[in-house]
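Reading through the structure tokens given below for one structure.
The values are calculated or read from the model by the stated rules, or taken from the named source; none is laboratory data. Fair warning: this is a prediction, and the values are worked out from it, not measured in the lab. Here Cβ is always computed from backbone atoms with ideal geometry, including for glycine, and neighbour counts include all displayed protein chains. Ligands, DNA and RNA are stripped out before the accessible areas are found, and what is left, the full protein with its side chains, is counted by its heavy atoms. Shrake-Rupley method; radii C 1.70, N 1.55, O 1.52, S 1.80 Å.
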Amino acid sequence: QVQLVVSGGGLVQAGGSLRLSCTASGSILSINTMGWYRQAPGNQRELVATITKSFSTNYEDSVKGRFTISRDNTKNTVYLQMISLKPEDTAVYYCYAHCITTRGMKDYWGQGTQVTVSS
């Protein structure tokens, strides 16, 4: 019913920058919250950042001051601008959207995109 398409990711040296984007499509009435999660090898999936439809943001402590989440409600798109990347940021990053559709309220996930930061 709802699809999330992710673009971005890649390989970057420590201290570099990357920008991820995720666009939602389908029978969407409203998207309350969008966000990014990540999972590194051997680790659990963790929240990176979220943003509400009114642009209130929340960040995991280790990325505060380095990552910026934003969204364009006219395009149903969420972005994650990452600067000053560290090797410990290496993970598969997942897009998340909490959507209201004609069938109710539900969480949706996009495909993972690999972010690799070399030392």
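Hey, among Val63, Val48, which residue is surrounded by 13 or more Cβ atoms within 10 Å (Cβ to Cβ), in contact with a helix residue (DSSP H, G or I) (Cβ under 7 Å, 6 or more places away or on another chain) and either farther than 12 Å from Ala97 by Cβ or free of Cβ contacts under 8 Å to residues at least 24 places away in the same chain (or both)?
Result: Val48 is the single residue among Val63, Val48 that is surrounded by 13 or more Cβ atoms within 10 Å (Cβ to Cβ), in contact with a helix residue (DSSP H, G or I) (Cβ under 7 Å, 6 or more places away or on another chain) and either farther than 12 Å from Ala97 by Cβ or free of Cβ contacts under 8 Å to residues at least 24 places away in the same chain (or both).
Scanning segment 33-86 for residues that are among the aliphatic types (A, V, I, L, M) and under 14 Å from the mean Cα position of the chain (by Cα) turns up Met34, Leu47, Val48, Ala49, Ile51, Val63, Ile69, Val78, Leu80, Met82.
State whether the residues of segment 90-97 include one that is small (Gly, Ala, Ser), closer than 15 Å to Lys53 by Cα and at pLDDT 95 or above. Yes, segment 90-97 contains a residue that is small (Gly, Ala, Ser), closer than 15 Å to Lys53 by Cα and at pLDDT 95 or above.
When each of Ser54, Ser119, Ser70 is tested for being in contact with a helix residue (DSSP H, G or I) (Cβ under 6 Å, 6 or more places away or on another chain) and either under 17 Å from Ser7 (Cβ atoms) or surrounded by fewer than 19 Cβ atoms within 10 Å (Cβ to Cβ) (or both), the lone residue that passes is Ser119.
Under the condition of being over 14 Å from Val2 (Cα atoms) and surrounded by 12 or more Cβ atoms within 10 Å (Cβ to Cβ), the residues counted in segment 12-29 number 7. Taking segment 1-26 as the range and being of a type outside the set (A, V, I, L, M, F, W, C) and part of a strand (DSSP E or B) as the test, the residues that pass are Gln3, Ser7, Gly10, Gln13, Arg19, Ser21, Thr23, Ser25, Gly26.
Number of residues in segment 30-45 that are in a strand (DSSP E or B) and open to solvent by less than 50 Å² (accessible area, probe 1.4 Å) equals 9.
Of everything in segment 73-99 that's open to solvent by 30 Å² or more (accessible area, probe 1.4 Å) and of a type in the set (A, V, I, L, M), which residue is farthest from Thr113 (Cα to Cα)? That would be Ile83. Of the residues making up segment 99-107, one or more are in contact with a His (Cβ under 6 Å, 6 or more places away or on another chain) and free of Cβ contacts under 8 Å to residues at least 12 places away in the same chain.
Condition first: of a type outside the set (Lys, Arg), out of contact with any strand residue (DSSP E or B) (no Cβ under 6 Å at 6 or more places or on another chain) and assigned to a loop (DSSP other than H, G, I, E, B). Now tell me which residues in segment 61-91 satisfy that. Passing the criteria: Gly65, Asn73, Thr74, Ile83, Ser84. Each residue in segment 74-113 was checked for being within 27 Å of Gly42 (Cα to Cα) and charged (D, E, K, R), and 4 pass.
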